[in-house]
Amino acid sequence: MGLLSDPNRRKALTNLLTRLNTPICMVCYLAAIVWFMGLAFEPFTLRTYMSENAMGSTMVEERFPSGERALSTAREFDGHKKKAGGMPVEWLVKTMQARGLEVFTQSFSRTLPFPDENKERYMVRGTNVYGILRAPRAPRTEALVISAPCSPGNSNNQAVGLLLGLAHYFRNQVYWAKDIIFLVNEHDLIGMQAWLEGYHHTNITGIEYSPLQGRAGSIQAALSLELSSDVITSLDLILEGLNGQLPNLDLANLFYAFCQKLGVLCTIQGKLQRNDWDSAEGYTHAAQTMMLMVLKQASGHSWGDHGLFLRYHIEAASIRGINSFRHYKTDATTIGRLLEGMIRKLNNLLERLHQSYFFYLLPSLSRFVSIGYYMPAFGLLAVILLLRALDLWVNLGTPALAEDGVSEVEQASSLGVLSVLTPVVISHLTGVALYLCPVQMQEMAVEHFPVSETEAVVLTAIAIYTAGLALPHNTQRLLSGDGTELGWRVLKLTALLYLAVLLGCTALINFSLGFILAITLVPIAACVTPYMSKAWGVLAMVLLSPCFTILYSVFIYQELIEAPVTITEGWMLYLSVISQGVLDHDLYGSLVYPLLALFIYPCWLMFWNVLFWK
Amino acid sequence: MAANRVGLFLVFILFLFSFLVQPSSGDTLESTADNTEKEHSVSGALREVKAGGDDLNERQWQSTDVGMDEGDVTKDNEFFRPATAKDQFQEELVIRPLHSGDIYASFQFRTLWDTDFLQEGKKVSHYRLFPKSLGQVLSKFSVQELHISFTQGFWRTMQWGQPFIPSPPGAELWVWFHHTVSDVDGNWKELTNVLSGIFCASLNFIDSTNTVQPSASFKPLGVGNASDHRFLRYATLPREIVCTENLTPWKKLLPCGSKAGLAVLMKSEKLFHSSFHSQSVHIRPVCQDVQCTNTAWELRQNLNVVFDLYTSGQGKKEWSLFKMFSRTLTEACPLASSSKVYVDITDNPEGEMFDLSPATPLLSQAVVLGDRRTYSVYDLTKAETFGQTRSLNLLLRWKEDSGDMLRPLLHAERYVAGFGLQTGEIHTVIYNNHPYRAFPVLLLDSVPWYLRMYIHTLKVTSKFRDNKPSYTHYQPSKDRQRPHLLEMLIQLPPHSMTEVTVQFERALLKWTEYTPDPNHGFYVGSSVISALVPSMVAMDTNFTQQQPLFSSFFPVKEESSYFMRVYTEPLLVNLPTPDFSMPYNVICLTCTVVAVGYGSFYNLLTRTFQVDEPSPPLAKRLANIIRRIRGVPLLI
């Protein structure tokens, strides 16, 4: 810092930074991308290891015998489900009671802000059934949760069957130290949200539910099971939760360890692990897996029923059985054993899972990238914003002295505050409109246009978004006189710092979202000036706007899961993704939609203003 | 152990006998005062016993003769009862087949001693049945009443109904000190440390941060109308784990140890293979006679176990003493004046629920916890109880199973609501399932200081309406010194759910105050609900079958309500916890930030910068010196 207190050397340093600003920024941007892509390269990553001693050294023996019985229970469940036309509450209560559990039910209802066309639901009404296996000689202070969704159609019957089978087997064991809650939730995430809010007696999303009667203390960990076939070829682990939260890495390690032990094929993002890291295919495979994780995490969507637990500081993961065309099959007994082993080890925990990482990316199940490795990629992008801001700051200070028009500068700066504040306020008002209007105005939209509610919401959002682009001209009209040279510089400086803070905060909570936004927003934030060629400038700004980022993400995601879509399909998918984002926010409190609408989009509009500065 | 004691008592009795048969051998007072002579005669008596042979029966008759000489002993089964030390010991085991199919076994041992530890100037030094270790503690610390319990597990009221003696998970200790004690806190501190040694438990962790003085919830259970709660101390350790190491010292307090009587059933490998385990010691003064001129000390030892049908039964719904305890009963404790086994057969009048064998003709009825119960009684002091096999192995065969939940009249639960590590809310839900009677309950909540309760958020609601407690006693906490204490008298409307909520903030502890496993969470003890509950007997509609009509119009007072205490589950609360795995990193980072960041920023902010003049060349300086001398303006 002696460097900064010495004016001469400070001047030298700032000169260097301003002179080399553009090259440094370009190098940083490229370095960030290279660094990020390098994260998937196996020699640069760490091998996963179990940090938690209570789960590592204490090996358990798995003895779950009754996979076949679980499957017959599943068929019975299927029959009763079809007969009841939904959740067979009475049958489940009776079955769980027969297995010696304390059984309770919870009914809930929720009216969605607009119909969910993906899952075809609007007024949701359902019942959760859960049974508590009380651990002997335990004071009801700790619990584990195993859940299985009761899904419509033929899916997830086996999950419920296995759940009941495990309940029966666990009831006869003596080693439990924590109560175990067996939960069958209806309407997947909505039921789960109702149950969790009921359990913790909170109400953050306005769902209506009946209070829970039985509780078992603080929940330490949860596993959600999805299984739709009698035999499976592999098990897929799903970690990404609401708002991009991830469970402790030890939970993934535990799953991997048991898959290895029992010889079950395990995947993450539906991708098997490959051993040929040194070949191009091997690297591409790892990179694709990691990219999928980044995209899923960035969406802020809960990719399984487990995702809602994470808010309550409960480590949770979903395990999904996949039945493909491979010859080697795993039967229900083995899956039961795998779950038994995992639950028993979680039962051995003395403390909450806290030893291992909470922030990580997984290029494969046995390799991980920790926060210390991936953060530099984002840091390099954030540095660009700061460097540009520094450059502007220096330029703002120096010309005033050179032109020796002291009075003029003072006048301009006082004008500048107003000329900067107006676009900032207007951009944010547009953001508020984008956040509120789509849901509030859907009825009006439906009245006037021949569209469904869902389409109305999405199209309103897009319309407001597009309308925002016309604002700079109106903003200018509001101001008396033309915008000065100083004005746009101050505005851009503000916007740069604002974006840096926004992205920085986002990346700390949800790295993937921060990184994806940074990759697209940083180039335009760095380059935009009123002197750019308008046509090219507009094209670049629009193509790199948050709206298009979502569109690219949709296409890339489809490409990565090996289900490429045509343009029209992609467009439909894009619309449904937007409606899903709005619904996620409304139903579960996901923060991605408000973040984009209230902060990122206004920030982008500020740069748009700079481009059209007169 | 038991044999030793028997021998000792014989010695003592024979010693007395020698006095009686030789009244002229000298002055009695002198000889009792003289220790050496006493020892001499004791050793003399010992020789006599050895010479007397091994036949126990003969000895018993002998001593009974002595008793007859004194004309003091009235009951024929109290062979050993001497003239001076009036103490007696009773043991019983109650087995209740529970509604859920589990089995509840409750041992009760009661030692009664007509003496007073606390009397001025009288030092009690001779102990017979009463354990000396406890007696000394009582007299040293002037304890009026002592109640201690160790519990592993949680009593499931919804499935099991009410226990005979309730207790919270972990350890609980409450003591009334004698009103002459001046330094109650000092005595309490020492007492907890001594008890910690006696029971091999972590009672020494009881200090001012978890001790409270309830004003209303814990009244003395014995005689002595002490009501000044300055002499009461109450503490719980919800984290205490109970195991064999606590059972062994507890068993040693019994006169027969675990050698004879009901205590032979207490094998730790079986007792701890259960759903619930609780052991307790209660000491209190009781009346010696109807006039209550003198008090006697009562020591009650209680052990409750619930055995699980599923895990141990292996599918077979069959129970026997041997299956439960891996022992059968063969004899009563020879020192016991009564020794009985009760089996609750109330729900089984026609034998439709279970089969009980061997059958017993003895039946007994009692009103227990407001409910009239019928028991089969097995008297272990009678030889015919053991039958031809000379052992009693009660066998119980379930015929049908019923896993429905019970609806106990009073029932409570507690949980922490909310998420995140900043604030939270404690909910205590109390159910009154009585169809038409409202009754008041006393709620006691003792919350550690590190949950900072916002008492202004305290809310009591019944049936969605505000329910104002008629009595509230609140003592705010002091950081690191004492916990919150909240006592409230709440009226529970009939057939209602009453919810008591209070918000709290989680304190950030100092780094040495965290436990070794901070991520496990911190325990908050159970809240205690004490109530006079309207009796089930009063709800009984077909009482005419058992009683004459004239006796049953007004509900009898004693039966119309009964005292009950309900403990809620303890809470496990997570506090904001630093990452202890990298203290070194944290120290380094903090030092760097302070040294580099703060130092230089402070420097930049406080220093004033000036552009210093370039120093003029030498020639110019010389010229200026000359000009100053000449008095002309200087060159710039």
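So the values come out like this:
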| read-out | value |
| --- | --- |
| Percent RCO, i.e. relative contact order, over segment B:186-265, from Cα pairs under 8 Å lying at least 6 residues apart | 27 |
| Nearest-0.05 FRET efficiency for A:Ile204 and A:Ile567, computed from C-beta distance (R0 35 Å) | 0.35 |
| Partner chain coverage, peptide A:127-139 - average Cβ within 10 angstrom | 5 |
| Sequence-separation-based contact order of segment A:88-141, relative, with Cα cut under 8 Å and 6+ spacing, percent | 38 |
| DSSP-loop trypsin sites (Lys or Arg not before Pro) across segment A:233-286, with at most 16 other Cβ within 10 angstrom | A:Arg274 |
| Normalised contact order of segment A:121-240, rounded percent, pairs of Cα under 8 Å and 6 or more residues apart | 39 |
| Under 5 Å, built H, 5+ apart or other chain: amide partners of B:Thr568 | B:Ser527, B:Ile529 |
| Low-density loop positions, chymotrypsin sites (Phe, Trp or Tyr not before Pro), segment B:248-302 - DSSP coil, at most 11 other Cβ in 10 Å | none |
| Loop GluC sites (Glu not before Pro), segment B:384-457, which have at most 13 other Cβ atoms in a 10 Å radius of their Cβ (DSSP) | B:Glu400 |
| Furthest towards positive pole of dipole, A:Val501, B:Pro169, A:Met293, structure part the protein assembly as shown, Cβ charges | A:Val501 |
| Sites A:Leu46 and B:Cys200, calculated FRET efficiency, Cβ-Cβ separation with R0 45 Å, nearest 0.05 | 0.45 |
| Using alpha-carbon coordinates, inclination of helix A:534-543 to the longest axis of chain A, degrees | 10 |
| Between segment A:178-219 and segment B:319-346, the alpha-carbon center distance in angstrom | 45 |
| Label point distance in nm, B:Leu634-B:Leu604, each placed 7 Å from Cα along Cα→Cβ | 3.5 |
| Segment B:328-392: C-alpha gyration tensor shape, a/c 1.5 cut-off, then a/b vs b/c | oblate |
| In sequence order, calculated HN-Hα J values of segment B:628-635 (Karplus, 6.51, -1.76, 1.60; Hz; x Gly/Pro) | 5, 5, 6, x, 9, x, 7, 6 |
| Student exercise, the protein assembly as shown dipole from Lys, Arg, Asp, Glu Cβ charges, in Debye to nearest 20 | 2500 |
| Loop-exposed GluC sites (Glu not before Pro) per DSSP, neighbour cap 13 Cβ within 10 angstrom, longest uninterrupted part of chain A | A:121-561 |
| Whole-Hz couplings from phi, Karplus 6.51/-1.76/1.60, listed for segment B:97-104; x for Gly and Pro | x, 8, 4, 7, x, 7, 10, 10 |
| Vicinal HN-Hα couplings computed from phi for segment A:318-330 (Karplus, 6.51 cos²θ - 1.76 cosθ + 1.60; Hz; Gly/Pro x) | 9, 10, 10, x, 10, 10, 10, 8, 5, 7, 6, 10, 10 |
| Spacing of the two label points (7 Å from each Cα toward its C-beta) at B:Arg390 and A:Leu30, in nm | 10.0 |
| Farthest toward positive dipole pole in the protein assembly as shown [+1 Lys/Arg, -1 Asp/Glu at C-beta], among A:Ala467, B:Pro578, A:His306 | A:Ala467 |
| Cross-link pairs beyond the 18 Å C-alpha cut-off, checked among A:Lys178/B:Lys323; B:Lys86/B:Lys123; B:Lys251/B:Lys382; A:Lys82/A:Lys329; B:Lys86/B:Lys340; B:Lys317/B:Lys382 | A:Lys178/B:Lys323; B:Lys251/B:Lys382; A:Lys82/A:Lys329; B:Lys86/B:Lys340; B:Lys317/B:Lys382 |
| Order of B:Cys292, A:Cys505 under a 10 Å beta carbon neighbour criterion, fewest first | B:Cys292, A:Cys505 |
| Linear extension gain, A:Asn275 paired with A:Ser324, 0.36 nm per residue minus alpha-carbon span | 15.5 nm |
| Counting DSSP beta bridges with both ends in chain A, the antiparallel % (nearest 5) | 55 |
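Read-outs throughout are calculated quantities, based only on the coordinates presented, and are distinct from any laboratory measurement. Here the structure is a predicted model, which is why all the values come from computation and not from measurement. Counting neighbours? That spans all protein chains shown, and the Cβs are built from the backbone with ideal geometry, glycine included.
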